[in-house]
Amino acid sequence: MARSIDPEVLAPLGGSDTLHALIDTMPDALIVIDTQSSILFFSRGAERMFGYGEEEVIGENVSMLMPSPDRERHGGYVSHYLATGERRVIGVGRVTTARARDGGTFPVDIALGEFVAEGKTMFAGFIRDLTDSRETEQQLHALQEELAHVSRISTMGTLATSIAHELNQPLTAITNYANAASALLEDPSEGNLESLHMALEETSKEAIRAGQVVQRLRDFISTGESVHELARLSRIVSEATALALVNGDGKGVDIEVKLGHPDDEVLVDPIQIQQVLVNLIRNALEAMQASTVKRLQITSSSSHGQRNVRVSVVDSGPGLDQHVAERLFHPFVTTKETGMGLGLSICHTIVTAHGGRIWAEPSDLGGTQFNLTLPLALEEDSDA
Ligand code: ADP
């Protein structure tokens, strides 16, 4: 329940001027809005963070400080809360992306509180810019470590060698049997036909063995420690976007998030999928470093009755290097001097282990578009 502030509580602080002065010393931003989302108060910290002067924003809708799709959806969130009392952000806080006056977007952590003063309900947002936040960087590192663990980079080489070895045996046997069979056919006597029959049976057995090796590889990938759970797609996307922007890599990039159905829920390991998106977004930002037009779109589309949702990361960069394009998702394929060329192969492993698909194509923005599909949570999933 919102608490009413008794003016007497504030009295020892010497009234509102002192309070203002005090708030203005806060490095973080404080923004107060009313139930119509009109900005009532905009601290000095907010002016520094967003690049607007107080006089430009007072009375304006706070959604002007948000990029799409929050900008369009903000009003809906507030009315939903006022009508139902259901808290999605208030008192919880979230990592998301904010929009500055110059159109630039940056990652922020927002804590939102509700209070009543002079009979009016208001919301106070405390906003921390995460661009240079060590904490976020640590979070990002933790994610990356998790990823290294999940994808078992260290075992990948060993795995590849042993798979190659194991597959080689049945494949060599198949070749030998096939050669023998064709030699036997040259003299189709009864005895030879019997041997031919045996050779073909052995061929089929060896092919089944090769299939089992591949199946074991699939099991190995999908039985990692990943835990699939219900997760809201919009949250995964907004956190991944914010994380990918840490260190200011998104400077000057016009970022747009357009989710077809923002309430879509997916059945995934959220950390792994977030990592896939962080990888794709960072690749896109890196690709656009020298581009004059820097646009990044993150979109999703799902239609009713579909089992999958498609998420795309679209950039206006130079497009894929021709040599890289053919083996894009193979490990150690890179055009970057310091690149490891592992990012996309790991993304591929993760998405495949989720039963999805990942592919790249030229984008409408003139650069590259990476698409991936993820399993949508169906109603029976949430009953479980
Ligand atoms: P790394 O980033 O270490 O090179 P990745 O596997 O993530 O490894 O990417 C492999 C290569 O794919 C990159 O070196 C780059 O050439 C290309 N690439 C990936 N994403 C993009 C993109 N959005 N635009 C252009 N090229 C890209």
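Values computed for the structure shown
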read-out: Loop trypsin sites (Lys or Arg not before Pro), the stretch 302-384, which have at most 15 other Cβ atoms in a 10 Å radius of their Cβ (DSSP); value: Arg307, Arg327, Lys336, Arg357
read-out: Residues in the stretch 13-52 that a label on Thr121 would reach, taking backbone N under 15 Å of a point 7 Å out along Cα→Cβ; value: 33-38
read-out: Per DSSP, loop GluC sites (Glu not before Pro) in the stretch 316-384 with at most 12 further Cβ within 10 Å; value: Glu326, Glu337
read-out: Where labels lie 7 Å past Cα in the beta-carbon direction, separation of His330 and Glu56 in nm; value: 5.1
read-out: Mean Cβ neighbour count within 10 Å, used as a protection proxy, ranking 17-26, 256-265 highest first; value: 256-265, 17-26
read-out: Nitroxide proxy distance, nm - points 7 Å out along Cα→Cβ at Thr84 and Ser195; value: 7.6
read-out: Highest to lowest packing among 358-366, 28-36, 276-284, 112-120, scored as the average C-beta count within 10 Å; value: 276-284, 28-36, 358-366, 112-120
read-out: His20/Ala290 FRET efficiency (R0 51 Å; Cβ-Cβ; nearest 0.05); value: 0.70
read-out: Amide H within-cut-off set for Lys294, under 5 Å, with H built and near neighbours excluded; value: Asp254
read-out: Least to most buried among Phe42, Phe123 (fewest other Cβ within 10 Å first); value: Phe123, Phe42
read-out: Relative packing of 95-101, 184-190, which averages over residues the other C-beta atoms within 10 Å, highest first; value: 95-101, 184-190
read-out: Computed FRET value (nearest 0.05) for Thr338 with Asn168, which takes r as the C-beta separation and R₀ as 41 Å; value: 0.75
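Read-outs throughout are calculated quantities, based only on the coordinates presented, and are distinct from any laboratory measurement. Just so it is clear, the structure is predicted and the values come from calculations on it, not from any experiment. Neighbour counts are summed over all protein chains in view; Cβ atoms, including those assigned to glycine, are modelled from backbone coordinates with ideal geometry.
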